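The values are calculated or read from the model by the stated rules, or taken from the named source; none is laboratory data. Small disclaimer: the values here were computed from a predicted structure and weren't measured. Heads up, the Cβs are rebuilt from the backbone with ideal geometry, glycines too, and the neighbour counts pull from every protein chain shown.
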Amino acid sequence: MNIEKIKKLITLYIILTFITCLPYWFKFDYLSNHLNPSPSIIKPIIKTLLVGVFSSSIITLLLISLKKYRIFIIIPLIIFWIFTTYILITFGSFDLSLLASIMDTTPSESSGYISSISIPRLLFFVIPYSYILFRLKSNLKFKYLKRFLLSLAFICYIPFILNGTLSIFNQYKYLGTMSTPRQILEKINKTNIIDLALKFDELLSLKKEENQKITPQWTNVVKGKNTLKFNYIVIVGESAPRKDFSYYNGENLTKYVGWKFISNAVSPATNTRESIPRILSVNSYKNIDENLNIIDLANQAGITTYWFSNQGFLGKYDTPISKLGKRAKYHIFHNKGSYESAESDNRLFIDLSNALKKQRSGNLVFLHTIGSHPPFCKRSQFYEKHIKNFNATNEKSCYKDAIYNTEIYINKINSIMSKTANPYKIIYFSDHGLSDVKYSPYKVHGVGKAFSLDAIHIPLIFINSESKEPGKLVKKTYFMRDFVHTFSDWMEIDANQIDHNKSIYSKNINQNKYIYEGSELIKLGK
């Protein structure tokens with residue numbers, strides 16, 4: 001056996017592993033910092049080394065096994081490495097908004113992307129990477145070489161398989177739901193090639209959903225004589241159970257002049273994707289009619305509509321909502337990808353102020369906030385004020401801090417509107433609540449076994465600048481699935497499709513008592 005050839009092969013393999021680790025380091029380091037306010041550097045390093053050794057072992061195995069087809073392996077590897085390394089060094093992840101931009105890019109925009117690449121930095125690695133791939137070959141009669149490489153790759157990937165399996169088991173144990181084949185692959189996969197393939201597949205699906213046309217079907221829309229005299233603000237909160245707000249915990253409400261707090265508002269579902277479209281559109285047991293949404297209703301009544309979002313624009317849970325938000329005459333989505341890239345909700349203050357400068361009254365502004373969406377401690381870094389004894393690394397403390405700041409946020413919006421000297425109305429509600437659990441982060445979406453009434457019991461608050469009544473709790477149960485009809489009465493707009501007996505203002509309110517959980521109908525009492 002030629003010792004020199006073995007040394008050469010080992011040297012090439014080590015250099016290949018180092019270069020292969022490069023994009024993975026940026027990926028895992030970004031994810032660690034993105035999801036954790038106090039990240040540890042150890043986990044990203046371990047993950048990087050394990051995936052790097054796994055990938056280089058598979059590459060080496062392919063190159064020494066398929067000698068006749070080496071060129072057809074090497075060229076795609078080089079192109080893929082350049083593409084993924086550039087994206088991960090620059091952006092840290094395969095963000096959906098970035099991939100959407102690439103898919104939609106024109107030739108001129110492509111040149112912009114290319115010009116932004118640091119050619120010297122990339123060549124510093126791609127030249128040795130290409131050289132090693134072409135030199136990585138073996139004529140050694142090493143009987144166990146292929147078996148060794150395959151075993152090494154498998155051993156390096158075992159931790160990811162075990163961790164993914166544990167995640168799948170916990171999902172079934174705590175939520176009672178089985179993972180789909182795609183979800184299983186997402187949980188155990190750590191390689192860039194599969195990650196990218198899954199992202200592009202998701203993107204194509206979302207693009208198809210996004211492009212489904214909405215055609216307004218409201219008929220005989222009539223506005224009241226006072227409709228255009230007011231400005232209207234709808235604050236859409238996130239993941240906020242009613243029980244955690246001070247308003248519903250014995251606080252003296254009389255100081256909130258013109259405010260009304262509904263005692264028992266019920267979200268249509270336990271997650272945003274199923275909840276918000278039902279709140280914004282006419283719906284039945286099985287269908288959501290997006291052609292009958294409240295934004296188009298306001299548009300047809302001559303209201304100037306705005307949708308300002310600090311939530312995601314593109315994503316499994318974001319696209320159905322952003323699709324409706326785009327029905328507004330003016331819309332701004334601060335996060336072109338998913339909600340994970342959201343920053344402070346305070347950015348919406350500027351949007352609101354600018355909108356009110358254009359027109360004194362007759363405005364309808366939706367503020368779609370990120371609110372108390374997990375991870376809670378990530379949200380807390382944006383707050384100017386904190387609860388007493390706040391702990392920035394404790395999820396329970398961060399969650400309480402998020403609710404505390406949500407109340408501050410509502411007051412701030414009310415303050416901004418009061419300074420306009422024009423009549424206004426404000427509604428605040430959360431898309432859904434959360435369920436309490438005994439494990440971190442101690443609050444989860446109420447699906448499967450984690451379902452609880454806290455996951456659907458949400459705050460619902462009405463503010464009217466023209467009312468001089470002391471704030472009070474209105475003891476009424478209201479299913480937000482029928483919010484369209486309440487919205488109509490709130491703005492004094494009527495149409496043939498409005499059922500006033502489903503409005504919270506009706507003395508003869510008539511609602512069916514059910515919600516959706518995981519696309520399944522759940523009946524709630526009589």
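Helices (runs of 4 or more DSSP H) fully within the stretch 1-120 that include at least 1 residues being at pLDDT 80 or above: 3-35, 42-65, 70-91.
Summed over the stretch 421-441, the residues that are assigned to a loop (DSSP other than H, G, I, E, B), of a type outside the set (Asp, Glu) and buried (at least 16 other Cβ atoms within 10 Å of the Cβ) give a count of 6.
Set side by side, the residues 250, 258 differ, and just one is at positive phi and free of Cβ contacts under 8 Å to residues at least 40 places away in the same chain, which is 250.
Every residue, every condition in (1) over 20 Å from the mean Cα position of the chain (by Cα); (2) under 20 Å from residue 368 (Cα atoms), yes or no:
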{"site": "195", "(1), (2)": "no, no"}
{"site": "225", "(1), (2)": "yes, no"}
{"site": "229", "(1), (2)": "yes, no"}
{"site": "236", "(1), (2)": "no, yes"}
{"site": "240", "(1), (2)": "no, yes"}
{"site": "256", "(1), (2)": "yes, no"}
{"site": "265", "(1), (2)": "yes, yes"}
{"site": "275", "(1), (2)": "no, yes"}
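In this structure, is residue 416 of a type outside the set (Phe, Trp, Tyr), crowded, with 21+ Cβ neighbours inside 10 Å, touching a residue at least 60 places away in the same chain (Cβ under 8 Å) and assigned by TED's automatic domain parsing to the domain that holds residue 377? The answer is no for residue 416. Being hydroxyl-bearing (Ser, Thr, Tyr) and out of contact with any Pro (no Cβ under 8 Å at 6 or more places or on another chain) holds for only one residue in 239, 267, and it is 267.
Selection of the stretch 383-401 for residues being among the aliphatic types (A, V, I, L, M) and either buried (at least 18 other Cβ atoms within 10 Å of the Cβ) or within 23 Å of the chain's Cα centre (by Cα) (or both) yields only 392.
Yes/no matrix, rows are residues, columns are (1) surrounded by fewer than 18 Cβ atoms within 10 Å (Cβ to Cβ); (2) in contact with a helix residue (DSSP H, G or I) (Cβ under 7 Å, 6 or more places away or on another chain):
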| position | (1), (2) |
| --- | --- |
| 190 | no, yes |
| 205 | yes, no |
| 216 | yes, yes |
| 219 | yes, no |
| 224 | yes, no |
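Out of the residues in the stretch 335-351 that are hydrophobic (A, V, I, L, M, F, W, C) and either crowded, with 20+ Cβ neighbours inside 10 Å or part of a strand (DSSP E or B) (or both), state the one that is modelled with the highest pLDDT. By that ranking, first place goes to 348.
Being within 25 Å of residue 385 (Cβ to Cβ), assigned by TED's automatic domain parsing to the domain that holds residue 264 and surrounded by 19 or more Cβ atoms within 10 Å (Cβ to Cβ) is a condition met by no residue of the stretch 477-496.
Taking the stretch 298-334 as the search range and keeping residues that are assigned to a strand (DSSP E or B), in contact with an Asp or Glu (Cβ under 8 Å, 6 or more places away or on another chain) and at pLDDT below 95, which one is nearest to residue 182 (Cα to Cα)? Here the answer is 312. Taken over the stretch 489-517, residues that are at pLDDT below 95 and either in contact with a Gly (Cβ under 7 Å, 6 or more places away or on another chain) or of a type in the set (A, V, I, L, M, F, W, C) (or both) amount to 3.
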